[in-house]
Structure formats: C-alpha cells, structure tokens
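Here, each number is a calculation from the coordinates, and none is a lab measurement. Here the structure is a predicted model, which means the values were calculated and not measured. Cβ placement follows ideal geometry from the backbone for every residue including glycine, while neighbour counts extend to all protein chains displayed.
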Amino acid sequence: MPQSYEIVSVEKAKPTPDAEGSDWYSYVISYEGADSITGYRQGSRTAVMTAIEEIVAQLNKRHLGQFSKPGRVHLVLTPKNKS
C-alpha cells in the first residue's frame, strides 16, 4: 500500500525580495518522511491551509492512481529486419 503525502508544517514567512504584498506562508509537504516539497503561498492562514490541503489531496490521488490498478502489459515482439 503506497504511503501518502502529508503536510509537515505551515509557518508565517517573510516575502521574497521579488514578491509583493504581505501575509506569506512557507509550507512543507513530505512523502515517506524523506522527500519533501517546500513552497510559499500568499493569503490568509485559512486560505493557505485550504490550498495546501488541496495540493496534498491531488498528489495523493495521482500517487494512488499509479498503484491502485494493477494491470497487465501485452508486449508483442517484432522481428528485426535482417538487411
């Protein structure tokens, strides 16, 4: 059974020099505790959490789609042309 992505942290962050506005948050999403995705999002904490939860749900759905349907592959060997 595949492991899922999960939100590790969401913290208030300073905007990057090229960013405009305020209310920036940094977030970390992890997979199996080793791999992580770090990002920044602007908005209220509620809006940012909603957006990150949606990202995690989409990642899990994509990941589950790869492993939920075991299937068969039908390979057909074609002979090589002997020139």
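Remarks
- Each other residue within a Cβ distance under 12 Å of I29 adds +1 if Lys or Arg and -1 if Asp or Glu, for a net charge of -4.
- Each other residue within a Cβ distance under 12 Å of E11 adds +1 if Lys or Arg and -1 if Asp or Glu, for a net charge of +4.
- Built amide H within the under 5 Å cut-off of Y5, gap 5+: N60
- Count Lys and Arg as plus one, Asp and Glu as minus one, and take only other residues whose Cβ is under 11 Å from that of R45; the net charge is then 0.
- Label-point separation, E32 to S44 (7 Å along Cα→Cβ), nm: 3.9
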